[in-house]
1. Can you pull out the residues in region 114-143 that are of a type in the set (Val, Ile, Thr) and open to solvent by 40 Å² or more (accessible area, probe 1.4 Å)?
2. Go through region 102-126 residue by residue and tally those that are farther than 23 Å from Ala86 by Cβ and touching an Asp or Glu at 6+ places or on another chain (Cβ under 6 Å).
3. Go through region 68-80 and give me each residue that's closer than 15 Å to Leu97 by Cβ and open to solvent by 20 Å² or more (accessible area, probe 1.4 Å).
4. When the residues of region 36-67 are narrowed to those that are open to solvent by 20 Å² or more (accessible area, probe 1.4 Å) and aliphatic (A, V, I, L, M), which ends up modelled with the lowest pLDDT?
5. Taking only region 55-73 into account, find how many residues are assigned to a helix (DSSP H, G or I), under 17 Å from Val125 (Cβ atoms) and of a type in the set (Gly, Ala, Ser).
6. Applying the selection to region 130-150, what residues are among the charged types (D, E, K, R) and at pLDDT below 75?
7. Please find, within region 151-199, the residue that is most open to solvent (accessible area, probe 1.4 Å) out of those that are modelled with pLDDT under 75 and of a type in the set (Phe, Trp, Tyr).
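The values are calculated or read from the model by the stated rules, or taken from the named source; none is laboratory data. The structure displayed is predicted, hence computed values, not measured ones. Cβ placement follows ideal geometry from the backbone for every residue including glycine, while neighbour counts extend to all protein chains displayed. These area figures cover heavy atoms from the full protein model, side chains too; ligands, DNA and RNA do not enter into them. Shrake-Rupley method; radii C 1.70, N 1.55, O 1.52, S 1.80 Å.
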Amino acid sequence: MANRGPSYGLSREVQEKIEQKYDPDLEQRLVDWIVAQCGGNLEKPQPGKQNFQTWLMDGTILCRLINSLYPRGKEPIKKISETQMAFKQMEKISQFLQAAEAYGVTTTDIFQTVDLWEGKDMAAVQRTLMALGSLAVTKDDGQYKGDRDWFHRKAQGYRREFTEEQLRQGQSLIGLQMGSNRGASQAGMTGYGMHRQIM
């Protein structure tokens, strides 16, 4: 982690707000899912935000996680390097983020590399992992491992089919949001320039 010293004033308030969004219960659920998804040889970290960050920080677990959501031979990250060099570890985190976006996680749900590497916003890391888990449950392609109740299913599109006649009928109707001309009349209106009777 970068040596930044204490923060004061507004930056301190902002950091405290970010830290309040971190959910320890969600951390435990995510750890359980990652261990179940990646296989039993993965050791769980001690509870706590700092331990969770340290556990994920080198990027290896994240790469294994995204690869486990694909069938064998179609993994997005072909080679996961086991190195302790900082730039290589950050590169693995970036590879995970690109693969997560390709998997279907929306850009707004994806954390920045520094959020995990420097521990700036671990709540954003949780949000990305939650979105990834929800997508895996929703896809239901047999690659998801673990309890299905850990994540909510994302809404699927609901396609409607209309016949040609129904579409033609819809063209002659005026939608109510466009207003209506029924019951409209000019009764009681006076012409321009005429005096109105005010009582």
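1. Val114
2. Residues flagged as farther than 23 Å from Ala86 by Cβ and touching an Asp or Glu at 6+ places or on another chain (Cβ under 6 Å) within region 102-126 amount to 0.
3. Across region 68-80, the qualifying residues are Pro76, Ile80.
4. Leu42
5. Final tally of qualifying residues: 0.
6. Within region 130-150, Asp147, Arg148, Asp149 meet the criteria.
7. Across region 151-199, the extreme among qualifying residues is Tyr192.
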